[in-house]
Every structure is written in C-alpha cells, then in structure tokens.
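Below is one structure, written out as structure tokens, with a few remarks after it.
Just so it is clear, none of the values below were taken in a lab; they were calculated from the coordinates. Everything numeric in this text was worked out from a predicted model, so none of it was measured. Using ideal geometry, Cβ is built from the backbone for each residue, glycine included, and neighbour counts are taken over all protein chains shown.
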Ligand code: OFO
C-alpha cells in the first residue's frame with residue numbers, strides 16, 4: 001500500500017505529466033501554424049512521450065492499490081503566443097528543470113517513507129529527466145548558434161524532422 005504522503009506526491013506528479021503533455025501539444029500546434037514542419041513533429045512526439053510518463057504513474061499507483069485522481073489544470077500555462085523559437089525552448093527548458101526538481105523531491109519523500117518500491121520506480125523518471133534536460137539544452141544551443149540566420153533555421157527545422165524520424 002502507498003502511504004498518504006507518497007499517494008499525494010505521485011498524484012501531483014501524474015497531473016504534472018498531463019500538464020506537460022498539454023504544454024508540448026499546445027506548442028506543437030502553435031509552431032506548426034508558423035510553418036516549422038520539423039520542430040512541430042518533435043513537439044507533437046514529445047507530447048505523446050509526456051502522456052506515456054503520465055500513464056506509467058497511473059498504472060503504478062493502481063498496481064500499489066492507490067487512488068488515481070486526475071485534476072483539470074485550468075489551462076493557464078497554455079496561453080503562450082508570439083514568443084520566439086528561443087523563448088519557446090527556454091520555457092520548455094525551465095519547465096523540464098522544474099519537473100526534475102519535483103522528481104528529486106519525490107525521491108526524497110520515498111526515502112523518508114522507506115518506500116523502496118516507489119524509490120525504485122522513480123529511478124526511471126530520474127534517468128528520463130537527465131535525458132530531457134540535455135535534449136532541450138542541445139536544441140537551445142543550436143538555436144543560439146543559428147541566431148538570425150534564416151537559412152540556418154530552415155536547415156535546423158529539416159534536421160529536426162529527421163531527428164524525429166530516426167528516434
Ligand atoms: Fe518532460 O518529462 Fe515528463 O514531465
């Protein structure tokens with residue numbers, strides 16, 4: 001059985017993953033309208049990944065006899081328009097860093113509660129956050145490098161399409 005603290009923490013996290021999925025989805029849709037064919041594929045794809053993160057938590061909570069509660073987020077974070085590509089990925093980078101802090105906090109609680117099953121389960125998320133932060137940072141670095149070069153941006157968008165296909 002899950003302790004009350006763990007149940008609360010995992011519930012929060014599954015709702016954050018759902019919000020993450022919506023955030024990436026919203027950005028994908030917005031960037032698609034701007035004509036970035038490759039970057040939008042990457043973002044749509046990532047939205048699906050975030051949904052998988054959420055599902056993993058739901059299945060785990062159920063497996064441990066917990067209670068799955070889905071919260072309606074209200075949609076405030078989704079009101080992002082007219083940001084540059086750099087600002088968009090900056091927002092995603094900050095978002096992923098926030099998620100990493102929250103995962104770390106959950107790991108800490110699992111140790112306090114001596115819930116080693118949950119501790120073990122969370123290690124997948126720890127690994128995932130390392131990858132995700134590195135990936136978004138790599139994209140940000142490229143955007144920085146390209147600067148105002150429109151040709152470079154075009155090629156980068158093309159690259160992102162291949163990146164998505166090869167995943
Ligand atoms: Fe982006 O990793 Fe889940 O939230």
* **Projected label distance in nm at residue 127 and residue 3, using a 7 Å step from Cα toward the beta-carbon** => 2.6
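Express in nm, to one decimal, how much length is gained between residue 84 and residue 104 on full extension, taking 0.36 nm for each residue of separation and deducting their alpha carbon distance. It would help to have the intermediate numbers written out before the result.
Values: separation 20, 0.36 × 20 = 7.20 nm, distance 3.03 nm.
Taking residue 84 through residue 104 to full extension adds about 4.2 nm, to one decimal.
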* Measure of compaction for the chain (Cα Rg per 2.2 N^0.38 Å) -> 1.13
* In whole Å, how far is the Cα centre of the stretch 105-122 from that of the stretch 23-47? -> 34
* For residue 12 and residue 37, FRET efficiency with R0 = 35 Å and r from the beta-carbon atoms, rounded to 0.05? -> 0.50
* Pull out a ≥ b ≥ c, the square roots of the eigenvalues of the alpha-carbon gyration tensor of the stretch 26-76, then state rounded if a/c is under 1.5, prolate if not and a/b is larger than b/c, and oblate in the remaining case. => oblate
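Tell me what the chain gives for mean residue ellipticity at 222 nm when only DSSP H runs of n ≥ 4 count, each as -39,500 (n - 2.57), the sum divided by the residue total, rounded to 500 deg cm²/dmol. Kindly include the intermediate steps, with their values, before the conclusion.
On the way: 5 runs with 133 residues, N = 167.
Calculated from helices alone, the mean residue ellipticity at 222 nm is -28500 deg cm²/dmol.
If you count, for each residue, the other Cβ atoms within 10 Å and average over each peptide, how do 148-154, 87-93 line up from highest to lowest? Could you put the intermediate results ahead of the total?
Working: 148-154: 11.1, 87-93: 17.6.
Top to bottom by mean Cβ count within 10 Å: 87-93, 148-154.
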